[in-house]
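Please treat every number below as a calculation from the coordinates, not as lab data. Nothing here was measured: the structure is a model prediction, and the numbers come from that model.
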Amino acid sequence: MTVPRQVPVRTQTSSCAVACLLAAATLAGVGAAAQPSASATLHACEGGATIGTATFQERPSGEGIKLVDVEVRVEGSAMAEGPHAVHIHETAACDPCGAAQGHFDPGPNSNTNPDGNHPFHSGDLVNLVVDAAGTGAMSTTTSRVTVSPGPLSILDEDGSALIIHVGADTYCPEGVVAGCAGGARAACGIIVAE
């Protein structure tokens, strides 16, 4: 009696299973990829003491636009109690604080004058409220900037800085009025990718 020879059978299922597992792993990696983020260490414009931090965390929205969650914290600052304007400025420079130049506003009709086109600059944020001990925190979300590359990126060719101003931002309801966007600069931090 002759015994039939066993021939190994290769199935497409095993090849497909491997390919499908690889594709699923790739897609899972894409979905789980970390969103772009950045941070800044804030220094007092007078004396240079470190007084706080700022973080920028980008995330997608349900409408397909990029949102950036911004958190600013200061502690033991010499800033007066009350609200202080906070803006992203157009250049990554803080020595002196004026080196950060005007408000971040890269759009086609750019106008970086702090008191002109305010509060419509890309870098305009809400006020930070500081208590009697010089401590404060601010949290907001903006769709006016991105951390990732693109025309609104705060990490563009010359970078950006976060500025906290001496006074409050009134959002300039009367238009161009000197100091309506917070006036002099109290603190500055260069924004860097994380």
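Relative contact order, percent, of the stretch 151-194 when contacts are C-alpha pairs under 8 Å separated by at least 6 residues? Mind showing how you got there, number by number?
Working: 55 pairs, mean separation 21.1, N = 44.
Computed over the stretch 151-194, the figure is 48 percent.
Taking a ≥ b ≥ c as the square roots of the eigenvalues of the Cα gyration tensor, the stretch 111-194 is oblate, since a/c reaches 1.5 or more and a/b is not larger than b/c.
Would you kindly state how much longer the chain becomes between residue 184 and residue 133 on full extension, computed as 0.36 nm times their sequence separation minus their alpha carbon distance, in nm to one decimal?
Numbers: separation 51, 0.36 × 51 = 18.36 nm, distance 2.06 nm.
Between residue 184 and residue 133, full extension yields 16.3 nm more.
Take every pair of alpha-carbon atoms less than 8 Å apart whose residues are at least six positions apart; their mean separation over the length of the stretch 37-193 yields a relative contact order of 31 percent.
Size descriptor for the stretch 33-92, Kirkwood hydrodynamic radius: 13.6 Å (Cα pairs only, one decimal).
Subtracting the Cα-Cα distance from 0.36 nm times the residue separation, let me have the gained length for residue 166 to residue 111 in nm, one decimal.
On the way: separation 55, 0.36 × 55 = 19.80 nm, distance 2.17 nm.
In short, 17.6 nm is gained.
When only alpha carbons of the stretch 37-193 are considered, Rg and Dmax amount to 14.3, 44 Å.
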